[in-house]
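The values are calculated or read from the model by the stated rules, or taken from the named source; none is laboratory data. Every value quoted in this text rests on a predicted model; they were computed, and no experiment measured them. Every residue, glycine among them, receives a Cβ derived from its backbone with ideal geometry; neighbour counts consider all protein chains shown. Accessible surface areas use protein heavy atoms only, side chains included; no ligands, DNA or RNA. Shrake-Rupley method; radii C 1.70, N 1.55, O 1.52, S 1.80 Å.
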Amino acid sequence: MNKPTVPKGTRDFSPIEMAKRNYIFNTIKEVYALYGFQQIETPAMETLQTLMGKYGEEGDKLLFKVLNSGDFMAKLSPEELAENNSLRLASKLCEKGLRYDLTVPFARYVVMHRDELQMPFKRYQIQPVWRADRPQKGRYREFYQCDADVVGSDSLLNEVELMQIVDTVFSRFKIRVLIKINNRKILTGIADYIGAPDKITDITVAIDKLDKIGLEAVNAELETNGITPESIAKLQPILALSGTNEEKLATIARTIASSEVGLKGVEETRFILEKLKTTGLNNEIELDLTLARGLNYYTGAIFEVKAVDTPMGSITGGGRYDNLTGIFGLPGLSGVGISFGADRIYDVLNTLDLYPQEAVDATRILFINFGEKETDYCLPIIRQVRAAGLSAEIYPDSAKMKKQMSYANAKQIPFVALAGDDEMQAGKITLKNMTTGEQTLLTPQQLIESIT
């Protein structure tokens, strides 16, 4: 008989892993709610009409399509079958697909519900997405996204607030991070300045790799993409810019002074950085002119967050986009959003051993089962313990003491409660601390106070 497996690129999560993941999701949810964001959910499946054509040709290939239910072959002619054109067949056999991200479903949601929504609309969404990608380390076919967006407002205070959210979340996780910020308009200004405005995408895709592949490789890629040696030479001082955020902004403003769009980007970035100074961030924010992210998507500020104490890619990212709902026929609705990378945050917390014990502790106390009489004595006490908000369980069988203690150890339960004849006569319970081995005779109320 074949051993059962999960589909490639998907995972099971054990109770301890789920406890850690819930700690991450709950922390992010709490912070989103602190800033007035409201949660929505959208279906796992969307119509292919909603999904197709929104992620470019490559993205379309990575969509998981869902076969129509019932006799899905009924509408196909023998000629269509004989043609063997998989793309055309898929369009006839499938009307739905699994969502690829949370942004396109969000845009669809806003258009469908626009009459009910209070603008600006601040939403967050924490749900799985699916991509038919080639699975590799750190890249899965099913993974969670934790998005927050504000739509219906052009105000840069939204950007300021999102950076505060990032700072608050990572402060709660005790992860030191570097928040990098740039602006799409500045990058457009740079492309104008070096005389290659039509090559904006090629330039930004290349410089976005500076961290990974180094300056020489970036320059080689620029040359391959048809950017002239003169333009590449003009770009070098910009890539090497150093100094404080203010110094970098002043230098880039002088450099791209002839680009109106570029100067608008400088002005926006200066506003965000100035306002953030007044909020007292715990983490450093840095202007990084080589930060580009998904440029055909973003139109203003762009952000990326990296952990300081362990090498890991971007663990949060986002930016301003001017036309989220235009793809569904509702133009001109500007928005700004961020997305926390839950899987990468999970790895960082593991690497740095930053999970608080209470987040991963499941059961606080186990009551040993000595038999029916003792169980009857313990059940009302267990009820009191749970009423005090403490997780408790009783071993279901009156098995050997060693077996019950092994169960407590295997589940890392910190306390064990024992009640035999002596305890029952005294109206008390013996509490055993599983870490120190210390045993104390206590009343039910004292027991609750001891394990709280």
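Annotations for the structure displayed:
- Selection count, region 401-412, where residues are modelled with pLDDT of 95 or more and part of a loop (DSSP other than H, G, I, E, B): 0
- Within region 105-129, considering residues that are in contact with a Leu (Cβ under 9 Å, 6 or more places away or on another chain) and assigned to a loop (DSSP other than H, G, I, E, B), the one farthest from I24 (Cα to Cα): R114
- Of the helices (runs of 4 or more DSSP H) contained entirely in region 1-77, those carrying at least 2 residues that are under 27 Å from I315 (Cα atoms) and modelled with pLDDT of 95 or more fall at 15-34.
- All helices (runs of 4 or more DSSP H) inside region 207-303 with 1 or more residues being open to solvent by 50 Å² or more (accessible area, probe 1.4 Å), farther than 30 Å from A148 by Cα and of a type in the set (G, A, S): 215-224, 229-239
- The lone criterion from (1) in contact with an Asp or Glu (Cβ under 9 Å, 6 or more places away or on another chain); (2) under 25 Å from G300 (Cα atoms); (3) in a helix (DSSP H, G or I); (4) not hydroxyl-bearing (S, T, Y) left unmet by I165 is number (1).
- Filtered residues of region 91-116 (kept if free of Cβ contacts under 8 Å to residues at least 24 places away in the same chain and either of a type in the set (G, A, S) or within 21 Å of G337 (Cβ to Cβ) (or both)): M112, H113, E116
- Boolean, G313 is farther than 21 Å from A206 by Cα and at pLDDT below 95: no
- Set side by side, the residues T375, T325 differ, and just one is crowded, with 18+ Cβ neighbours inside 10 Å, out of contact with any Gly (no Cβ under 9 Å at 6 or more places or on another chain), farther than 30 Å from F13 by Cα and of a type outside the set (D, E, K, R), which is T375.
- When V336 is tested against (1) of a type in the set (A, V, I, L, M); (2) open to solvent by 50 Å² or more (accessible area, probe 1.4 Å); (3) under 18 Å from the mean Cα position of the chain (by Cα), only condition (2) is not met.
- Hits in region 252-261 - residues which are touching a residue at least 60 places away in the same chain (Cβ under 8 Å) and either in contact with a strand residue (DSSP E or B) (Cβ under 9 Å, 6 or more places away or on another chain) or not small (G, A, S) (or both): I252, T255, I256, V261
- Residue match in region 351-364 (condition: part of a loop (DSSP other than H, G, I, E, B), at positive phi and free of Cβ contacts under 8 Å to residues at least 40 places away in the same chain): yes
- Any hit, region 311-324, residues being free of Cβ contacts under 8 Å to residues at least 12 places away in the same chain and out of contact with any Lys or Arg (no Cβ under 6 Å at 6 or more places or on another chain): yes
- Candidate set: region 78-100, residues that are in a loop (DSSP other than H, G, I, E, B) and loosely packed, with under 13 Cβ neighbours inside 10 Å; chosen: the one modelled with the highest pLDDT: N84
- Residues of region 157-206 satisfying the condition of being crowded, with 20+ Cβ neighbours inside 10 Å, within 28 Å of the chain's Cα centre (by Cα) and modelled with pLDDT under 85: I203, T204, A206
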